[in-house]
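The values are calculated or read from the model by the stated rules, or taken from the named source; none is laboratory data. Computed from a prediction, not measured in an experiment: that's the story for all the values here. Because the Cβ atoms are built from the backbone with ideal geometry, glycine has one as well, and the counts that use them run over all protein chains shown.
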Amino acid sequence: MTEGAVPETAPDVDPDMTVDNRGTGCASGIARVQRALEDLEDGAILRVRSTDRRAKGEYTQLAAQTDHDLLAIETDRSGLLRTEYTTYLEIGEE
């Protein structure tokens with residue numbers, strides 16, 4: 001449901017849940033996020049950590065196809081061998 005440019009810095013909120021998808025493929029990562037979304041109430045904040053370079057597109061698409069708001073996607077290139085993406089979603093009604 002998010003429209004426009006997505007911020008690249010974390011929102012000033014504490015996440016209600018974190019899904020750590022670092023080191024997993026996109027398909028299994030999305031499945032883990034879907035299970036987490038089912039457990040969270042409206043207005044909750046989900047943080048997703050990933051090393052899959054497709055994460056930015058996948059979570060942007062997820063927000064566009066649902067009532068969840070994409071608050072931000074941070075990109076951390078400080079790792080020696082990999083880039084880490086941290087996505088923040090605010091849960092909306094399904």
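Restricting to the range 37-52, what's the tally of residues that are exposed (fewer than 13 other Cβ atoms within 10 Å of the Cβ) and not acidic (Asp, Glu)? So the answer is 1.
The conditions of being touching a residue at least 40 places away in the same chain (Cβ under 8 Å), part of a loop (DSSP other than H, G, I, E, B) and either of a type in the set (Ser, Thr, Tyr) or surrounded by fewer than 17 Cβ atoms within 10 Å (Cβ to Cβ) (or both) are not met by Gly79. Among (1) free of Cβ contacts under 8 Å to residues at least 12 places away in the same chain; (2) assigned to a loop (DSSP other than H, G, I, E, B); (3) closer than 19 Å to Ala5 by Cα, where does Asp67 come up short? All conditions are met except number (1). Sub-7 Å Cβ pairs linking a first residue in the range 7-36 that is closer than 16 Å to Thr75 by Cβ to a second residue that is at pLDDT below 85, at least 6 apart or interchain, are Asn21/Gly29, ordered by first then second residue. Cβ-Cβ distances below 8 Å connect the following pairs, each with a first residue in the range 44-57 that is over 16 Å from Thr9 (Cβ atoms), a second residue that is part of a loop (DSSP other than H, G, I, E, B) and of a type in the set (Lys, Arg), and a separation of six or more residues or different chains: Ser50/Arg22; Thr51/Arg22; Thr51/Arg82.
Residues that are in a helix (DSSP H, G or I) and either aliphatic (A, V, I, L, M) or more than 14 Å from Tyr59 (Cα to Cα) (or both) within the range 9-31 comprise Ala27, Ile30, Ala31, listed in sequence order.
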